[in-house]
1. Which of the following residues is more than 19 Å from residue 135 (Cα to Cα) and either in contact with a Pro (Cβ under 8 Å, 6 or more places away or on another chain) or within 16 Å of ligand 1 (Cβ to nearest atom) (or both): 168, 206, 162?
2. Looking for whichever is closer than 30 Å to residue 78 by Cα and either part of a strand (DSSP E or B) or not assigned by TED's automatic domain parsing to the domain that holds residue 13 (or both) here; the options are 112, 187, 155. Which one fits?
3. How many residues are out of contact with any strand residue (DSSP E or B) (no Cβ under 9 Å at 6 or more places or on another chain) and crowded, with 16+ Cβ neighbours inside 10 Å if we restrict to the range 103-135?
4. Scan the range 1-55 for residues that are in contact with a helix residue (DSSP H, G or I) (Cβ under 7 Å, 6 or more places away or on another chain) and buried (at least 19 other Cβ atoms within 10 Å of the Cβ) and jot them down.
5. Within the set of pairs 6 or more residues apart or between chains, which connect a residue that is within 21 Å of residue 118 (Cβ to Cβ) and small (Gly, Ala, Ser) inside the range 147-171 to a residue that is assigned to a loop (DSSP other than H, G, I, E, B) and within 15 Å of ligand 1 (Cβ to nearest atom) with Cβ atoms less than 7 Å apart?
6. Out of 205, 150, 157, which single residue is of a type outside the set (Asp, Glu), within 24 Å of the chain's Cα centre (by Cα) and within 11 Å of ligand 2 (Cβ to nearest atom)?
Amino acid sequence: MIITVQKPLEEIIESLKQYKKIFVVGCAACATKCQTGGEEAVKKMADDLKKNKKEVTGYKVLDTPCDVRIVKKDLSRLPEVKAADALLIMACGGGVQAVERVIDMPLYPSLNPVFLGTIERIGIYNEFCKICGDCILAETGGICPISRCPKGMLNGPCGGAVEGKCEVDRDNDCVWVLIFEKNKKKNVKEGILKKYMAPKTYSKPVKLNNKEKK
Ligand code: SF4
Ligand code: SF4
């Protein structure tokens, strides 16, 4: 899930200063789970805009605003959108840019996307994957050293761990201790302990067309 945080309200109001009529777009997927762009957050934003002398022509929480097809189907033809001077998008950058592909109007993001997150519980998220493009979790007991070790160590601990704790933050376990323990618990005989992990290139596609592959 894409984790987002709301920009300061003053920044949002400042970015909309030349516009009077605003239509607000929310996201029923990630931003709803983050409580930054669902029904409740969108209604609160509409109220805040009104308090700041804006006219809200309407709002819509799209199932997945990052899907161009959904934007075309559920947003592009709404009269309330056409009546607005600008759109405020409460979604990640993928959502903002999907709307931009379809609707030629001034549009502004209200959120800052911060990371791809694993949900612990609502409000508590961890960045456990940096989307490096070449997953090594099979070797590391399902625990990622790239995202969870502050130094991104690929070949064992850095030497600063003390009693299983990370030298960068003693409140956190050293991820390499977690990996060794996990592999031991699962009785994994092979794996990263016996392999040298070459430096990663971090090269990956920025565009995919699965149809072309068929
Ligand atoms: S190795 Fe880590 S950062 Fe790379 S894809 Fe796997 S979980 Fe994500
Ligand atoms: S102590 Fe462990 S988790 Fe912390 S920086 Fe070193 S290798 Fe990474």
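1. Details: 206 fails: more than 19 Å from residue 135 (Cα to Cα); 162 fails: either in contact with a Pro (Cβ under 8 Å, 6 or more places away or on another chain) or within 16 Å of ligand 1 (Cβ to nearest atom) (or both).
Answer to the selection: 168.
2. Numbers: 187 fails: closer than 30 Å to residue 78 by Cα; 155 fails: closer than 30 Å to residue 78 by Cα.
Answer to the check: 112.
3. We begin by selecting, within the range 103-135, every residue out of contact with any strand residue (DSSP E or B) (no Cβ under 9 Å at 6 or more places or on another chain); these are 104, 121-124, 132-135.
In the following step, the residues that additionally are crowded, with 16+ Cβ neighbours inside 10 Å were identified as 132.
Here the count works out to 1.
4. Of the range 1-55, the ones in contact with a helix residue (DSSP H, G or I) (Cβ under 7 Å, 6 or more places away or on another chain) are 1-2, 4, 9, 22-27, 35, 37-38, 48, 52.
2, 4, 22, 23, 24, 25, 26, 27, 37, 38, listed by residue number.
5. Here the result reads 147/127; 147/128; 147/129; 147/130, each pair linking the range 147-171 to a residue that is assigned to a loop (DSSP other than H, G, I, E, B) and within 15 Å of ligand 1 (Cβ to nearest atom).
6. Numbers: 205 fails: within 11 Å of ligand 2 (Cβ to nearest atom); 157 fails: within 24 Å of the chain's Cα centre (by Cα).
Result: 150 is the single residue among 205, 150, 157 that is of a type outside the set (Asp, Glu), within 24 Å of the chain's Cα centre (by Cα) and within 11 Å of ligand 2 (Cβ to nearest atom).
The values are calculated or read from the model by the stated rules, or taken from the named source; none is laboratory data. Note that this is a predicted model, so its numbers are computed, not measured. Cβ sites come from the backbone with ideal geometry, for glycine too, and all protein chains shown count toward neighbours.
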